[in-house]
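> My questions all concern the structure below.
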Amino acid sequence: MGVGVGLGLGAAMSRLGLVSTSDYSSIVSINIFVALLCACIVIGHLLEEYRWVNESITALLIGLFTGAVILLSTQGKNSRILVFSEDLFFIYLLPPIIFNAGFQVKKKQFFRNFITIVLFGAVGTLISFIVISLGALGLFKMLDISDLEIGDYLAIGAIFSATDSVCTLQVLNQDETPLLYSLVFGEGVVNDATSVVLFNAIQNFDLVHIDATVVLEVVGNFFYLFFTSTFLGVFAGLLSAYIIKTLYFGRHSTDREVSLMMLMAYLSYMLAELLDLSGILTVFFCGIVMSHYTWHNVTEKSRITTKHTFATLSFIAEIFLFLYVGMDALDIEKWKLASDSPGKTVGISSILLGLVMVGRAAFVFPLSFLSNLTKRSPEGKITFNQQIIIWWAGLMRGAVSIALAYNKFTRAGYTQLPSNAMMITSTITVVLFSTMVFGFLTKPLLWLLLPMRHNSNLPDPSSSQWSMNRSLLGSALESQLESRQDFRYPTLRSILTRPTRSVHYYWRRFDNWVLRPVFGGRGFVPFVPGSPTEPNIHTSHDVNDVREEIPEEQEL
């Protein structure tokens, strides 16, 4: 089976132009790369106790070491096993990462802070985009870089507005710092989608003569892509839930259920790309909807299988990306073109790092202040130390920046102009420096700013208080399920006086009264005799078992 997969992947990569057309060299390249992936996992496991040395940094270091070995063995001709392709990144590697992020997210915490997340991820990204674009336009002239056009500077703003908060998320804990984790995680996903949408909008418009009409078209196109992509993801998730609930695949085959969930998720992403929408937003919200409805419609075996399958695919894709970035950093072709002016490359990298830091500060602290004005309870407000961590988490750049830079400044995987080569090498330098340096310092910074991160208010799971709380939670859910027939439409007064509680309250009532009876979900799938579906999971009568299966934080 492994040989068949290797040959199939080799043929696919050959068609994509990622490896040599020679079958033998393709198989050798794939074997080496898979071995390196295994090494990253094993070494990352051994270093797990040092949590700031995560798999991302480990993969980067192994990639750099491997690139150096290949460079020496080929006498300076090559440093990579594979040739980078945006298709490989955007079509094969990015979808499982984003989908798993939506599938595993704690939805209640995410939507409770949804306004703040959108402020940081969308409005904040626009502010950072403006700061970096204008800063690059003004400062690059000091380095006598005249080959770049206005579209290039705007593309630079979009490229370096794309954050990579993987290092911070691997250190943060959802249970210890739920608010901080939710904000950093949510901003990262919305930020990636916003950056890609901005980049594509810039590529599609004539920016030689910028006026108010062009600006309005870009803004209108952005909001169109944002909302239509979200709608498509929600629709795909609901469709998968309805199909599985109606046809009851669980009575026949776990393989069908898992296959349908995976294919529907991937289909939503590819359909978004086909319609020139944002596949990132589509597959992210598809993952959220599937975890809320579809996941509860399948058998116990399917739930376990899908959860670990999606997490495994995302894990491998992330390691693959960082491993390749490490090897590509030593690509000799780009450095040869940029070697005539090494001072400019260092200057560009330093300017970009400075602009990234200024661009983050330009929106994190002001938008945090605005968000705090809308919060009544102190627990919901973002403290100054938390604002510093949010600012720090967004300083790291990763695979999205690399992919966008290659898309803009290369042709067929290779640079053709010295200015383009300098931009590629500067992007790689910024990614390596921010990921490794900022990533290493993330956990010490968390220790310094949040020394008491453990929530002392949580009762001991073995205590009687914990048992009583679980019983109360189960009773509360049972009351909500029984009262779904008493749905009442919200009043303007209730929404204005208690916006967060009212929206969540009426959403739950609407969800229980309208959506779950149609699309299924926890407690809304009847037990069918002869089905492998577990009765204590898919019946609404044993609510305490349901509550035990999925914690309250996973509910919308």
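The values are calculated or read from the model by the stated rules, or taken from the named source; none is laboratory data. Because the structure is predicted, anything quoted here is derived from the model rather than measured. In this analysis, Cβ positions are derived from the backbone assuming ideal geometry, glycine residues included, and neighbour counts consider all displayed protein chains. Just so you know, the surface numbers come from the protein's heavy atoms only, side chains and all, with ligands and any DNA or RNA stripped out. Shrake-Rupley method; radii C 1.70, N 1.55, O 1.52, S 1.80 Å.
> Given the options 285, 315, 322, name the one that is modelled with pLDDT of 85 or more, closer than 28 Å to residue 36 by Cα and open to solvent by 10 Å² or more (accessible area, probe 1.4 Å).
315
> Continuing with the same structure: For residue 337, which of the numbered conditions (1) closer than 30 Å to residue 71 by Cα; (2) modelled with pLDDT of 80 or more; (3) open to solvent by 10 Å² or more (accessible area, probe 1.4 Å) fails to hold?
Only one criterion in (1) closer than 30 Å to residue 71 by Cα; (2) modelled with pLDDT of 80 or more; (3) open to solvent by 10 Å² or more (accessible area, probe 1.4 Å) is unmet by residue 337, namely (2).
> Just to check your reading of the model, which residue among 65, 99 is in a helix (DSSP H, G or I), crowded, with 17+ Cβ neighbours inside 10 Å and at pLDDT 70 or above?
Testing whether each residue is in a helix (DSSP H, G or I), crowded, with 17+ Cβ neighbours inside 10 Å and at pLDDT 70 or above leaves just 99.
> Is there any pair with a first residue in region 293-305 that is more than 15 Å from residue 264 (Cα to Cα) and open to solvent by less than 20 Å² (accessible area, probe 1.4 Å) and a second that is of a type in the set (Lys, Arg) and outside any helix (DSSP H, G or I) whose Cβ atoms are under 8 Å apart and which are 6 or more apart or on different chains, and what are they?
296/522
> I need every pair where a residue in region 509-527 that is buried (at least 20 other Cβ atoms within 10 Å of the Cβ) has its Cβ under 8 Å from the Cβ of a residue that is modelled with pLDDT of 75 or more and of a type in the set (Phe, Trp, Tyr), sequence separation at least 6 or different chains.
If the second residue must be modelled with pLDDT of 75 or more and of a type in the set (Phe, Trp, Tyr), the pairs left are 516/293; 519/242; 519/293; 520/242; 520/293; 521/293.
> So which of 400, 356, 364 ends up being in a helix (DSSP H, G or I) and either at pLDDT below 85 or among the charged types (D, E, K, R) (or both)?
Answer to the selection: 400.
> While we're on this one: Output the residues belonging to region 368-391 that are aliphatic (A, V, I, L, M), closer than 18 Å to residue 172 by Cβ and either open to solvent by 80 Å² or more (accessible area, probe 1.4 Å) or without any contact (Cβ under 8 Å) to a residue 24 or more places away in the chain (or both).
none
> Applying the selection to region 244-269, what residues are surrounded by fewer than 15 Cβ atoms within 10 Å (Cβ to Cβ) and outside any loop (DSSP other than H, G, I, E, B)?
246, 247, 251, 255, 259, 263
> Within the group 88, 16, 46, 36, which residue is of a type outside the set (Ser, Thr, Tyr), within 16 Å of residue 327 (Cβ to Cβ) and modelled with pLDDT under 85?
From the options 88, 16, 46, 36, the qualifying one is 88.
> Out of the residues in region 142-191 that are in contact with a Ser or Thr (Cβ under 7 Å, 6 or more places away or on another chain), at pLDDT below 80 and in a helix (DSSP H, G or I), state the one that is most open to solvent (accessible area, probe 1.4 Å).
Step by step, filter region 142-191, then rank; the result is 166.
> Spot the failing condition for residue 75; the list is (1) open to solvent by 60 Å² or more (accessible area, probe 1.4 Å); (2) at pLDDT 70 or above; (3) over 19 Å from residue 402 (Cα atoms); (4) assigned to a helix (DSSP H, G or I), and only one is missed.
If we test residue 75 against (1) open to solvent by 60 Å² or more (accessible area, probe 1.4 Å); (2) at pLDDT 70 or above; (3) over 19 Å from residue 402 (Cα atoms); (4) assigned to a helix (DSSP H, G or I), just (4) comes out false.
> Which one of these is part of a loop (DSSP other than H, G, I, E, B), open to solvent by less than 40 Å² (accessible area, probe 1.4 Å) and within 17 Å of residue 199 (Cβ to Cβ): 225, 277?
277
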